[in-house]
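To start, the structure itself, in structure tokens.
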Amino acid sequence: MDADGRETSELTAPAGQRGPLPRTETPIVPKTSIAGRALVAVVAIMTFLASLTTGAVMLVWATAGEWQSDVAREVTVQVRPVSGRDIEADMRRAGEIARSYPGVTDVRPFSKDESARLLEPWLGTGLALEDLPVPRLIVVKINSAATFDPVQLRRLLNAQVPSASLDDHRGWIDRMRAMTGAAVAAGIVILSLVFAATILSVTFATRGAMATNRPIVEVLHFIGAKPGFIVGQFQRHFLMLGLKGGAVGGGTAILVFLVAELLAGWLFGGEVAALFGNLSLGPLGYAVVVAQVVLIAIVTAATSRHTVNRTLESIG
């Protein structure tokens, strides 16, 4: 018996009488390498940035949609204080006209105290509205499904309450749509740049792996190995790297959104929700991030496949 515990007769037996040797397969591309780890880090960073951009665009889109929907369902009647007229009587008359108009579901006049609270962030507390020409507001909620004609309501108010004016917020809606479109366009541009950088990174990493393993690839090619076999080795290798890096980057982005949602609700309460929504991507948003991880992995594998095919063409 030798030092390894094997019988001496086994070592000295003829080759035909020995047992089968263990078979090991070594992949063409090493599973762990400095270049592979660097590519995983690059893909993780790119996926993280892409996921943050996608999530931010979805939040902006959803919040802008809620704002537009809320604004579109409301119009505001302003009743200005005019010398010689009773503003309280004008408020009551304007409210009656709005309440009886087709398509109106609710009318809410603002009291003096409520009007003062609206101005407190700019003018401070303890306001005496009688000394200031501050208009009073009436919020009119409309049924979005009904046919509401703001032009006719404006005419009725001007005819019966000269101090009243109607604001249907159309200008704000147009501005919101323009800002939302600009934010979405900027997000698409950033995503395109991230994907372009990912493709370039994978291309260079694949070329580096091909350069390192070129003698092995040439031997396999010359002894008759099919290009599909060689390409498949590289494609699987870089697909796994893309999935690994994408999972790290996408998972980190999802964690960031979850933490932001919890902190926003805990520290700021309803203030952040009123301005930016609840900062929650929802099931659809998280599904989009996961799909983006898979897409980046597929892009990584497809890019490596293209690069290896080009290299094999140059060898042939």
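Values in this text are rule-based calculations from the coordinates and carry no lab data. Everything numeric in this text was worked out from a predicted model, so none of it was measured. Neighbour counts are summed over all protein chains in view; Cβ atoms, including those assigned to glycine, are modelled from backbone coordinates with ideal geometry.
At a Förster distance of 35 Å, what's the computed FRET efficiency of Val259 paired with Ala302, Cβ-Cβ distance as r, to 0.05?
Computed FRET efficiency for Val259 and Ala302: 0.60.
Efficiency by 1/(1 + (r/R0)^6): what FRET value for Phe222 and Ala178, r their Cβ-Cβ distance, R0 = 51 Å, to the nearest 0.05?
Rounded to the nearest 0.05, the efficiency is 0.25.
Taking N as the number of residues in the range 41-190, what value does Rg over Cα atoms divided by 2.2 N^0.38 Å take?
Compactness ratio reported: 1.42.
Report, to two decimal places, the Cα Rg of the range 49-105 normalised by 2.2 N^0.38 Å (N = number of residues).
For the range 49-105, the normalised Cα radius of gyration is 1.95.
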